[in-house]
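This report refers to the structure that appears directly beneath it.
The values are calculated or read from the model by the stated rules, or taken from the named source; none is laboratory data. The structure displayed is predicted, hence computed values, not measured ones. Every residue, glycine as well, gets a Cβ built from its backbone with ideal geometry; the counts of neighbours run over all protein chains shown. SASA here: full protein model, heavy atoms, side chains in, ligands and nucleic acids out. Shrake-Rupley method; radii C 1.70, N 1.55, O 1.52, S 1.80 Å.
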Amino acid sequence: MVDAMLFEQRLWAGLADGSVTVTFRRWKRPRARAGGRHRTPAGCWPSTPWPRSTRPSSARTTRAAGFASLADLLRQLERHGDGPVYRVDFHHAGADPREALRQDAALPEEELARLRARLDRLDLAARDGPWTVAALRLIADRPGVRAGDLAEAAGRERLAFKTDVRKLKELGLTESLEVGYRLSPRGRALLERLG
């Protein structure tokens, strides 16, 4: 299974070049699994979590976590409240498979039927009724617009809207921008086929 692991944008280059290979997270209980794969903006990373709570202590580990000093790292952790701190080591394991999927605009009938069925299931599961095609059209009409503004235009709560857009992203239909979203080539091809 592949999980998303969020990293500050300032760490993305270090993730990509391999200089950031460890993270410390303040969790109530460990959330990373040994051998689990996590998606980051720099690709997929298998992880090796430490089985117990630990504190960062060395300059080498601090640098590997992307911080200039231990004090900076500890300040970052303090911003996330109290509780145990867990260490997760990782290494690069290839590109995010959604990247290739987003670029694949070929939608033969079988794939189109599969995508339509998936969108129908998402719509049926929604408390507020169908939303998938409306969200795709909204993003197509307003690329690069803040999620809060898109949610307001759709008459939806921002966090729920963002969660739903992530579901479309998993299908390779949307891409996150620094601000807002846009349709991927696959998403544009799907909208064209849906009419």
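Observations on the structure shown:
- Hydrodynamic radius by Kirkwood, which averages 1/r over all alpha carbon pairs of the stretch 45-174, in angstrom: 18.5
- Using a probe radius of 1.4 angstrom, the carbon and sulfur fraction of the accessible surface of the stretch 54-195 is 50%.
- Accessible surface, per residue, of the chain when the full set of protein chains is kept, probe 1.4 Å, Å²: 58
- Straightening the chain between residue 93 and residue 113 buys 4.1 nm, computed as 0.36 nm per residue apart minus the Cα-Cα spacing.
- Within the stretch 157-178: backbone nitrogen closer than 19 Å to the residue 105 label point (7 Å, Cα to C-beta): 169, 171-177
- At an R0 of 22 angstrom, the distance between the Cβ atoms of residue 146 and residue 12 translates into a FRET efficiency of 0.60.
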